[in-house]
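Report on the following structure.
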Amino acid sequence: MEAIRQGQAAGQTTQWLHLELERREMLVLADARGQTLECRTGELWLTEDGGGDRILRPGEAHVVAGNGCLVVSACQDARFVLGGGGHDPATVSLQPVRGFLASLLPHELSGLGGCGPA
């Protein structure tokens, strides 16, 4: 996982966090309520606490609701941005998922088109 913080540009009040995930990498966002996650490249599988699952493709966006907890899984290598929620996205907790839970991802994704194992 790679995160790059982009500061405020002249005349802009919104900060965006630019993130990259490799295929099958997972990231847990906490305290992200109101933030917008926009897929720039690749394909992302989002699981929101209390909100179900959703696939995001390039150009599609999702506003985090509920308690602000979201699991982001890369179906393909992906780049996305997080921000626009009225508070600095750098305050959102970003926790990469590793180990056993991450090893389950290929099995959970089988049969889902672009999200399945290679």
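The values are calculated or read from the model by the stated rules, or taken from the named source; none is laboratory data. The model shown is predicted, which means the values in this text are computed figures rather than measured ones. All Cβ positions, even for glycine, are placed from backbone atoms using ideal geometry, and neighbour counts span all protein chains on display. Side chains are part of the model used for accessible areas, which takes the heavy atoms of the whole protein and leaves out ligands, DNA and RNA. Shrake-Rupley method; radii C 1.70, N 1.55, O 1.52, S 1.80 Å.
Excluding Ala61 itself, calculate the net charge of residues whose Cβ lies under 13 Å from the Cβ of Ala61, where each Lys or Arg counts +1 and each Asp or Glu counts -1.
That works out to +1.
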Just how much of Val63 is accessible, in Å², when a 1.4 Å probe is used and the result is rounded to the nearest 10? 90
Please work out how much accessible surface Thr91 shows to a 1.4 Å probe, ignoring ligands, DNA and RNA, in Å² rounded to 10. 90
How much of Asp49 can a 1.4 Å solvent probe reach, expressed as accessible area in Å² and rounded to 10? 90
First measure r as the distance between the Cβ atoms of Asp88 and Thr47, then evaluate 1/(1 + (r/R0)^6) with R0 = 30 Å and state the FRET efficiency to the nearest 0.05. 0.80
Relative contact order (%) - the stretch 12-97, alpha-carbon pairs under 8 angstrom, separation at least six: 47
